[in-house]
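One structure is given here, and the rest of the page talks about it.
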Amino acid sequence: MAEQPAAAPHTHEKREHWSGQTAFILAAIGSAVGLGNIWRFPGQAYENGGGAFMIPYLVALLTAGIPILFLEHAIGHRFRGSAPLAMKRVHRHAEGVGWLHVAICFVIGLYYTAIIAWALSYFFFSFSLSYQDDPAGFFLGDYLQLGEAGTVSLSFVPQVIIPLVAVWLITIVVLALGLHNGVERLNLIGIPVLVATFMVIVVRALFLDGAGDGIEALFTPDFAALGDPQVWIAAYGQIFFSLSLAYGIMITYASYRRRRSNITSPGLVVAFGNSSFELLAGIGVFAALGFLASQQGVAVGDLEGLAGPFLSFVTFPAVIAEMPGGQFFGALFFASLVLAGLTSLVSVLQVVSSALQDKLNLKPRTAAVAVGGVSAVLSIVGFGTTTGLYLLDTVDQWSNQLGIVAGAITMIAAAIWIGRRGHELERHLAAVSTLRPGKAWLWLVSAVALLLIYMFVDKAVSLLIDGYEGYPTWYLVVFGWGTVAFLALAALLMPLMRWRKDIVHFHPWPTREQLNLPADVGERHTEDYDPRSGS
Ligand code: PHE
C-alpha cells in the first residue's frame with residue numbers, strides 16, 4: 001500500500017465498523033456461502049453440462065462475479081452508506097436503486113427463514129430418523145402438510161411455525177447485538193464451524209459405496225452444452241446468486257470497513273472462498289447421491305429430486321436413511337444448512353436495517369428489532385401455512401430471477417453509464433488496495449450489464465408467456481408480478497421520503513483531487529444536497 005494518499009481524515013462518523021479485515025472477510029463469505037452453495041450449485045452443474053459446466057462457471061466468476069463484487073465493494077467503501085445512501089451519493093437520482101436492493105432483501109428474508117426453519121426441524125428429526133420410511137411423503141405430507149397448489153390457505157402448520165419463530169428470535173438477537181457483537185461474532189464462530197462440519201460430511205460421503213459414480217456423474221463433461229446459451233445464463237445466474245451480488249449486501253458490508261482498507265484482495269478471497277465451498281459441496285452431495293443410486297440399483301441420472309428444496313429435504317433424507325451412522329450424518333448435514341442459512345440471512349436483513357438506520361436516523365438496535373419484528377410476522381403468516389411452499393417458490397422465482405437482475409442493471413447504469421463514476425471508483429480501488437483492478441474492469445462491468453439486460457428480457461418474456469409451474473394466472477399476477485410491483489414501488493416511493501439524518505457533510509476519501517480527477521463530473525456534488533428536501 002505504498003502509494004496511498006497521506007491521511008484519512010478524522011471523521012465524526014458514528015457508523016459501526018468491522019473490527020478488522022478478517023471479520024469483514026468472514027462476514028462476506030458468510031453471506032455468500034448459503035443454501036445456494038449446498039443445494040443450488042450441484043443441481044445446476046449437473047443439469048448444465050456436468051464437468052463442462054465448470055467452464056462457463058469459471059468464466060462467469062472471472063468476467064462477472066469478481067468485477068461486480070469489486071464494483072459493490074467500491075461503491076460501499078467510497079460512499080460509505082447503506083445501499084440507498086451509497087447509491088444516492090453515486091448519483092442524486094439513484095437512491096431508488098438502493099431501495100430496490102433493500103426491498104429484494106426484505107422479501108428474501110421472509111422466505112429464506114422458512115427454509116432455515118425446515119432445516120432446523122430436520123436437524124431434530126435426524127436423531128430419530130423420522131423421515132426414513134417415505135422421505136417425500138414425510139416432507140410434503142407429514143411435515144409441510146401441503147395444501148393445493150394455486151390456493152392460499154390460512155391454516156397454520158405448528159411444526160413449521162415453532163422453528164420459524166426460533167429462527168426469527170435468534171436472528172433478531174444477532175442483529176440487535178449490533179454489527180460487532182452480533183453479525184461479526186456469528187460469522188467468526190459460524191464459518192469455521194461450518195467449514196469443519198462440511199469437511200466431515202464430504203469425507204464421510206466419499207467413503208460410501210458408489211460415491212465414485214456420483215462424482216463421475218457430476219463431472220462427466222458434456223461439451224455440447226457449451227453451445228447452449230441457457231447453460232451460460234445458468235452459470236451467470238449461479239454466480240450472481242451465490243456471491244450475493246446485486247442485493248446491496250456487498251455495498252452494505254463494505255461500507256462498514258474503515259476508510260483505509262485494502263478492498264480488492266479480500267474481495268478475491270471472498271470470491272474464491274465461496275467457489276471452493278461450492279465445489280466441495282458439489283462433491284459431497286454427488287458422492288452421497290452416488291451411494292443412493294447404487295443402493296437403489298439405478299443410475300445417478302435416474303434419481304429424482306436432484307435440485308432445490310427436494311434435494312435437501314427429500315433426496316438427502318433418503319441417503320441418510322440408507323447409510324450406516326445416518327443419524328449423525330443427517331444431524332451434521334442439517335446443522336450445516338442452518339448455519340449456512342443463518343449467516344446469509346443476517347446479511348440480507350442487515351441491508352434493510354442499515355438502510356432504515358440511515359434514512360430514519362434510527363439506532364442499530366431499534367432498526368434491527370423493527371425490521372425483524374415486522375418480517376417475522378409476515379414470514380409466519382406467509383410461509384407458516386399449508387400453502388407456504390408454493391408461495392415460496394413463486395416469490396423466489398420473481399424476486400430472484402427478475403428483481404435481482406434489475407437491481408444489477410440499474411446499479412451499473414447508475415454508477416458507470418449515467419453517474420460516470422467509473423474512473424473514480426477504479427482509482428479509489430487502486431488507491432486503497434494492493435491489487436489494482438485496471439481498465440479492463442470497467443469494460444467487463446459494462447459488458448456484464450448488457451448480458452444481464454438480455455437475461456432480464458428473456459426471463460420476463462418466458463414468465464409472461466409460459467407462466468410458472470402451471471400455477472393459475474391470478475396466482476402469478478398476485479404473488480409473482482405483485483412481488484415485482486412491490487419492489488418497483490419501494491424503489492420509486494422511498495426516495496420521496498425525507499432523510500432524517502444529515503447526509504450532507506460527507507467527504508469521500510481519497511478526495512477526487514487526490515485521485516487526480518477533476519473536481520466534479522458535471523454532476524451536482526454530494527455536498528450540495530439539501531438535507532431537508534431529500535432530493
Ligand atoms: N449467496 C447465498 C447462497 O449462496 C444466497 C443469498 C443470496 C442469500 C442473497 C442471501 C441473499 O445461498
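The values are calculated or read from the model by the stated rules, or taken from the named source; none is laboratory data. In this text the structure is predicted, and so the values were computed from the model without any measurement. Glycine gets a Cβ as well: all are built from the backbone with ideal geometry, and neighbour counts include every protein chain shown. Side chains included, ligands, DNA and RNA excluded: accessible areas come from the protein's heavy atoms. Shrake-Rupley method; radii C 1.70, N 1.55, O 1.52, S 1.80 Å.
So Leu464 ticks every box in (1) touching a residue at least 24 places away in the same chain (Cβ under 8 Å); (2) outside any loop (DSSP other than H, G, I, E, B); (3) more than 24 Å from Gly109 (Cβ to Cβ) but one. Which box is left unticked?
(1)
I'd like the full set of residues that are away from the ligand (no atom under 13 Å from the Cβ) and open to solvent by less than 10 Å² (accessible area, probe 1.4 Å), limited to the range 332-348.
Phe333, Phe334, listed by residue number.
What number goes with the only condition from (1) within 16 Å of the ligand (Cβ to nearest atom); (2) assigned to a loop (DSSP other than H, G, I, E, B) that Pro309 does not pass?
Going through the list (1) within 16 Å of the ligand (Cβ to nearest atom); (2) assigned to a loop (DSSP other than H, G, I, E, B), Pro309 breaks only (2).
Is it the case that some residue within the range 343-361 is at pLDDT below 95 and over 21 Å from the mean Cα position of the chain (by Cα)?
no
Do we find a residue being basic (Lys, Arg), open to solvent by 30 Å² or more (accessible area, probe 1.4 Å) and part of a loop (DSSP other than H, G, I, E, B) anywhere in the range 349-370?
Yes.
Just one of the numbered conditions (1) assigned to a helix (DSSP H, G or I); (2) surrounded by 12 or more Cβ atoms within 10 Å (Cβ to Cβ); (3) without any contact (Cβ under 8 Å) to a residue 60 or more places away in the chain is not true of Met494; which one?
Condition not satisfied by Met494: (3).
Quick one: Ala234 ticks every box in (1) within 30 Å of Ala86 (Cα to Cα); (2) hydrophobic (A, V, I, L, M, F, W, C); (3) surrounded by 19 or more Cβ atoms within 10 Å (Cβ to Cβ); (4) at pLDDT 95 or above bar one, so which box is it?
In the conditions (1) within 30 Å of Ala86 (Cα to Cα); (2) hydrophobic (A, V, I, L, M, F, W, C); (3) surrounded by 19 or more Cβ atoms within 10 Å (Cβ to Cβ); (4) at pLDDT 95 or above, Ala234 misses (4) alone.
From the list Val173, Val152, Val90, Val160, which one is β-branched (Val, Ile, Thr), away from the ligand (no atom under 16 Å from the Cβ) and free of Cβ contacts under 8 Å to residues at least 12 places away in the same chain?
Of the residues listed, the single one that is β-branched (Val, Ile, Thr), away from the ligand (no atom under 16 Å from the Cβ) and free of Cβ contacts under 8 Å to residues at least 12 places away in the same chain is Val173.
Looking only at the range 185-231, count how many residues are open to solvent by 30 Å² or more (accessible area, probe 1.4 Å), within 26 Å of Ala288 (Cβ to Cβ) and among the polar types (S, T, N, Q).
1
Would you be able to tell me the number of residues in the range 252-265 that are in a helix (DSSP H, G or I) and either surrounded by fewer than 24 Cβ atoms within 10 Å (Cβ to Cβ) or within 13 Å of the ligand (Cβ to nearest atom) (or both)?
4
Could we say that Val167 is open to solvent by less than 10 Å² (accessible area, probe 1.4 Å), modelled with pLDDT of 95 or more and assigned to a helix (DSSP H, G or I) here?
yes
Only residues that are within 18 Å of Val102 (Cα to Cα) and away from the ligand (no atom under 16 Å from the Cβ): list them for the range 378-400, please.
Answer for the range 378-400, where residues must be within 18 Å of Val102 (Cα to Cα) and away from the ligand (no atom under 16 Å from the Cβ): just Leu378.
Given the structure, is Phe286 over 27 Å from Phe456 (Cβ atoms), of a type in the set (Phe, Trp, Tyr), assigned to a helix (DSSP H, G or I) and within 13 Å of the ligand (Cβ to nearest atom)?
no
Could you please give the count of residues in the range 97-113 that are under 15 Å from Ile172 (Cα atoms) and either open to solvent by less than 10 Å² (accessible area, probe 1.4 Å) or among the aromatic types (Phe, Trp, Tyr) (or both)?
4
Counting just the residues of the range 119-143 that are within 22 Å of Gln327 (Cβ to Cβ) and of a type in the set (A, V, I, L, M), which one comes out least open to solvent (accessible area, probe 1.4 Å)?
Ala119
Count, please, the residues in the range 24-48 that happen to be touching a Ser or Thr at 6+ places or on another chain (Cβ under 9 Å), among the aliphatic types (A, V, I, L, M), away from the ligand (no atom under 12 Å from the Cβ) and open to solvent by less than 10 Å² (accessible area, probe 1.4 Å).
Total meeting the criteria: 1.
Taking interchain pairs and intrachain pairs at least six residues apart, which have beta carbon atoms under 8 angstrom, with the first residue in the range 21-41 and basic (Lys, Arg) and the second within 8 Å of the ligand (Cβ to nearest atom)?
Final answer for the pair search is Arg40/Phe241; Arg40/Ser242.
Only residues that are under 30 Å from the mean Cα position of the chain (by Cα) and of a type in the set (Asp, Glu): list them for the range 289-304, please.
Residue satisfying the conditions is Glu304 alone.
In the list Leu85, Leu71, Leu58, which residue meets the criterion of being more than 15 Å from the ligand (Cβ to nearest atom) and without any contact (Cβ under 8 Å) to a residue 40 or more places away in the chain?
Result of the check over Leu85, Leu71, Leu58: Leu58.
Looking only at the range 412-424, decide whether some residue is in a helix (DSSP H, G or I), modelled with pLDDT of 95 or more and closer than 30 Å to Leu146 by Cα.
No, there is no match, as no residue in the range 412-424 is in a helix (DSSP H, G or I), modelled with pLDDT of 95 or more and closer than 30 Å to Leu146 by Cα.
Taking the range 93-125 as the region of interest, how many residues are away from the ligand (no atom under 16 Å from the Cβ) and either under 14 Å from Leu496 (Cα atoms) or of a type in the set (Gly, Ala, Ser) (or both)?
7
Pairs, please: C-beta under 7 Å, at least 6 apart or cross-chain, first residue modelled with pLDDT of 95 or more and in the range 198-214, second open to solvent by less than 80 Å² (accessible area, probe 1.4 Å) and of a type in the set (Val, Ile, Thr)?
Val202/Ile283; Asp213/Val300; Gly214/Val300
Ser244 fails exactly one of the following numbered conditions: (1) touching a residue at least 60 places away in the same chain (Cβ under 8 Å); (2) buried (at least 22 other Cβ atoms within 10 Å of the Cβ); (3) part of a helix (DSSP H, G or I). What is the number of that condition?
Failing condition for Ser244: (3).
From (1) within 16 Å of the ligand (Cβ to nearest atom); (2) more than 29 Å from Phe106 (Cα to Cα), pick out the condition that doesn't hold for Ala217.
Every listed condition holds for Ala217 apart from (1).
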